[in-house]
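S.K.: I'd like to ask some things about the structure below.
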Amino acid sequence: MTEELIILRAPTVADGADLWRIAKGTGVLDTNTPYAYLLWARDFAATSVIAEVEAEPAGFISGYLKPSDPETLFIWQVAVDANFRGRGLAKKMLFELVERAGAARLETTITEDNAASIALFTALARKHGTEIARRPLFSADLFPSAEESGEAHAAEDLYVVEPLARQSA
């Protein structure tokens with residue numbers, strides 16, 4: 001059995017539609033407009049990653065360095081296409097992106113019921129020999145009501161992994 005070819009790279013605007021399709025296909029992520037993914041791929045490519053498996057778009061992570069604290073990498077969305085789940089792609093993408101970004105800490109928000117994301121970021125903390133801390137950030141009442149938006153939104157807790165081990169040059 002040959003090993004499948006996985007390429008992890010920064011997204012380009014040509015990937016914007018694929019990022020949108022992958023996010024929409026998860027059925028659980030807040031899907032933004034296709035335009036937002038084009039802008040993301042243009043403006044935040046250095047802090048985001050797309051995974052290709054055998055030349056097929058398979059997953060992505062969108063992130064950015066916080067303007068108020070450029071030592072903090074904020075991870076916004078982690079998505080893996082259903083056809084490529086169970087291969088450890090999210091972990092490979094996250095570990096590669098954290099190494100490439102070189103930030104001192106990572107922040108992300110996760111809903112209480114998202115065990116897979118909690119496990120993913122806990123694995124990152126373990127790899128860096130540090131802890132993961134959680135605290136409430138956005139309570140459910142801060143989001144538009146289900147009547148307004150068409151769906152209820154759960155509270156988002158802030159998870160912080162720090163310090164991240166710096167790679168030596």
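S.K.: Kindly provide the set of residues from the range 1-34 that are assigned to a loop (DSSP other than H, G, I, E, B) and of a type in the set (S, T, N, Q), ordered by number.
M.R.: Matches in the range 1-34: THR2, THR12, THR31, ASN32, THR33.
S.K.: Is there any pair linking a residue in the range 6-35 that is touching a residue at least 40 places away in the same chain (Cβ under 8 Å) and closer than 20 Å to ARG85 by Cα to one that is surrounded by 15 or more Cβ atoms within 10 Å (Cβ to Cβ) and among the hydroxyl-bearing types (Ser, Thr, Tyr), with Cβ under 6 Å and at least six apart or on different chains, and which?
M.R.: Hits for this filter: PRO11/SER48; LEU19/TYR37; ALA23/THR31.
S.K.: Within the range 69-91, is there a residue that is more than 23 Å from GLY27 (Cβ to Cβ) and among the charged types (D, E, K, R)?
M.R.: Scanning the range 69-91 turns up at least one residue that is more than 23 Å from GLY27 (Cβ to Cβ) and among the charged types (D, E, K, R).
S.K.: Being farther than 13 Å from PRO57 by Cβ and touching a strand residue (DSSP E or B) at 6+ places or on another chain (Cβ under 6 Å) is the filter here, so list the residues in the range 1-25 that pass it.
M.R.: GLU4
Quick grid of which residues meet (1) closer than 24 Å to ALA17 by Cα; (2) in contact with a Ser or Thr (Cβ under 8 Å, 6 or more places away or on another chain); (3) loosely packed, with under 12 Cβ neighbours inside 10 Å:
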{"residue": "SER68", "(1), (2), (3)": "no, no, yes"}
{"residue": "ASN83", "(1), (2), (3)": "yes, no, yes"}
{"residue": "LEU89", "(1), (2), (3)": "yes, no, no"}
{"residue": "ARG105", "(1), (2), (3)": "no, yes, no"}
{"residue": "ASN114", "(1), (2), (3)": "no, no, no"}
{"residue": "THR122", "(1), (2), (3)": "no, no, no"}
{"residue": "LEU137", "(1), (2), (3)": "no, yes, no"}
{"residue": "ALA140", "(1), (2), (3)": "no, no, no"}
{"residue": "VAL161", "(1), (2), (3)": "no, yes, no"}
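S.K.: Taking the options ILE118, ILE132, name whichever one is surrounded by 13 or more Cβ atoms within 10 Å (Cβ to Cβ), hydrophobic (A, V, I, L, M, F, W, C) and more than 14 Å from the chain's Cα centre (by Cα).
M.R.: ILE132
S.K.: Take THR26 and decide whether it is surrounded by fewer than 20 Cβ atoms within 10 Å (Cβ to Cβ) and among the β-branched types (Val, Ile, Thr).
M.R.: Considered against the rule, which asks whether it is surrounded by fewer than 20 Cβ atoms within 10 Å (Cβ to Cβ) and among the β-branched types (Val, Ile, Thr), THR26 comes out as yes.
Each reported figure results from applying straightforward, stated rules to the coordinates on display, with no laboratory input. Owing to the predicted nature of the structure, the values given are computational and were not obtained by experimental measurement. Using ideal geometry, Cβ is built from the backbone for each residue, glycine included, and neighbour counts are taken over all protein chains shown.
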